[in-house]
Amino acid sequence: MTRRRQIYEGKAKILYEGPEPGTIIQYFKDDATAFNNQKKGTINGKGVLNNRISEHIYTRLGHIGIPHHFIRRLNMREQLVRQVEIVPIEVIIRNVAAGTLAKRLGLEEGTPLPRALVEYCYKDDALGDPLVGEDHIECFGWASNEEMRDITEMAFRINDFMCGLFSAINIRLVDFKLEFGRVWENEYPRLLLADEISPDGCRLWDMESDEKLDKDRFRRDLGGEVEAYQEVARRFGLLPEGAENEVLDLEQHRKKRGK
Ligand code: TYD
């Protein structure tokens with residue numbers, strides 16, 4: 001394999017220079033982190049599953065006209081995406097109280113919210129991604145008011161669509177995180193949805209049992225992380241029935257053959 005220039009290594013992905021200018025290859029790792037990097041581990045096969053799940057969700061969002069960075073999946077762990085200038089804001093959409101919201105406001109986890117709620121966090125690992133308001137974002141020049149209006153409108157639209165997508169496979173979309181980036185066209189910035197959408201950045205509960213099918217299994221030492229991610233992929237029809245382990249076997253088999 002030809003050596004590629006690595007641009008960046010993050011917590012769950014490695015970014016390489018893409019084949020054409022303005023493109024990037026995202027490699028999905030099995031590494032998992034939580035609580036601002038204090039907890040680290042590996043979820044075997046997570047990268048393969050997140051690559052597939054994210055591809056599926058992005059493709060479906062593309063069908064309803066959400067502009068995004070995804071171009072195509074290249075192989076089991078990699079996808080080709082457009083290079084963007086990331087807006088340093090994590091956009092969190094919540095439908096049900098959980099995680100830091102439940103803790104911050106003393107709400108019982110699982111309480112449905114009166115309506116979808118949006119929150120913004122400033123992307124800075126050293127600061128632990130602090131919660132910020134729209135005025136901070138404008139004041140420090142992280143994004144313009146106009147961009148934040150577009151981002152928020154897109155985020156609510158994505159939430160509506162994803163709630164339906166997950167409810168069709170009997171999963172409640174409790175909350176999730178989105179990121180956006182800019183591409184420059186004729187000196188004008190255009191916003192694209194970027195980064196992965198997978199059980200790493202969503203809270204997904206089984207509609208009937210409330211069983212957690214997301215990274216909370218890792219955060220909270222519940223066990224069964226691999227099975228939970230596989231279950232999401234299986235319900236989306238991304239794994240043939242009864243072939244859950246074959247995805248990983250296939251990858252191992254290919255590695256052995258040096259492919
Ligand atoms: P939140 O409850 O704020 O934080 P935590 O996951 O640490 O309890 O997270 C809300 C949702 O957004 C949850 O599904 C995880 C996702 N998220 C990320 O994926 N990355 C992040 O940096 C943050 C802050 C949230």
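The values are calculated or read from the model by the stated rules, or taken from the named source; none is laboratory data. This structure is a prediction, so every number in the text was calculated from the model and none was measured. Cβ: placed from backbone, ideal geometry, glycine included. Neighbour counts: every protein chain shown. Accessible surface is based on the protein model in full, side chains and every heavy atom, while ligands, DNA and RNA are left aside. Shrake-Rupley method; radii C 1.70, N 1.55, O 1.52, S 1.80 Å.
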statement: Listed by first then second residue, the pairs whose first member lies in region 64-88 and is within 24 Å of Ser144 (Cα to Cα), whose partner is assigned to a loop (DSSP other than H, G, I, E, B) and open to solvent by 70 Å² or more (accessible area, probe 1.4 Å), with beta carbons under 9 Å and at least 6 positions apart or on separate chains, are His69/Gln83; Gln83/Pro21; Ile86/Lys123; Val87/Lys123; Pro88/Lys123
field: Top-ranked residue in region 38-58 [being more than 14 Å from the chain's Cα centre (by Cα) and modelled with pLDDT of 95 or more; ranked as nearest to Arg219 (Cα to Cα)]
entry: Lys39
query: So which residues in region 169-209 are more than 15 Å from the ligand (Cβ to nearest atom), touching a residue at least 12 places away in the same chain (Cβ under 8 Å) and not in a strand (DSSP E or B), if there are any at all?
result: Ile169, Asn170, Met207, Glu208
task: Scan region 75-93 for residues that are assigned to a strand (DSSP E or B), surrounded by 19 or more Cβ atoms within 10 Å (Cβ to Cβ) and away from the ligand (no atom under 14 Å from the Cβ) and report the count.
output: 2
task: Please give the number of the condition Phe35 fails out of (1) within 16 Å of the ligand (Cβ to nearest atom); (2) within 15 Å of the chain's Cα centre (by Cα); (3) of a type in the set (Phe, Trp, Tyr).
output: (2)
message: Among the numbered criteria (1) open to solvent by 70 Å² or more (accessible area, probe 1.4 Å); (2) out of contact with any Cys (no Cβ under 6 Å at 6 or more places or on another chain), which one does Leu131 miss?
response: (2)
- prompt: How about region 94-114: which of its residues are within 15 Å of Phe176 (Cα to Cα), near the ligand (Cβ under 9 Å from one of its atoms) and either loosely packed, with under 14 Cβ neighbours inside 10 Å or among the polar types (S, T, N, Q) (or both)?
  reply: Thr100
- request: With respect to Asn50, determine if the residue is in contact with a helix residue (DSSP H, G or I) (Cβ under 8 Å, 6 or more places away or on another chain) and within 15 Å of the ligand (Cβ to nearest atom).
  value: yes
message: Quick check on my filter: what residues within region 134-168 are under 26 Å from Arg82 (Cα atoms), of a type in the set (Gly, Ala, Ser) and either open to solvent by less than 20 Å² (accessible area, probe 1.4 Å) or in contact (Cβ under 8 Å) with a residue 12 or more places away in the chain (or both)?
response: Ala143, Ala155
Strands (runs of 3 or more DSSP E) contained in region 20-62 and holding at least 3 residues touching a residue at least 40 places away in the same chain (Cβ under 8 Å) and open to solvent by 10 Å² or more (accessible area, probe 1.4 Å): 23-28
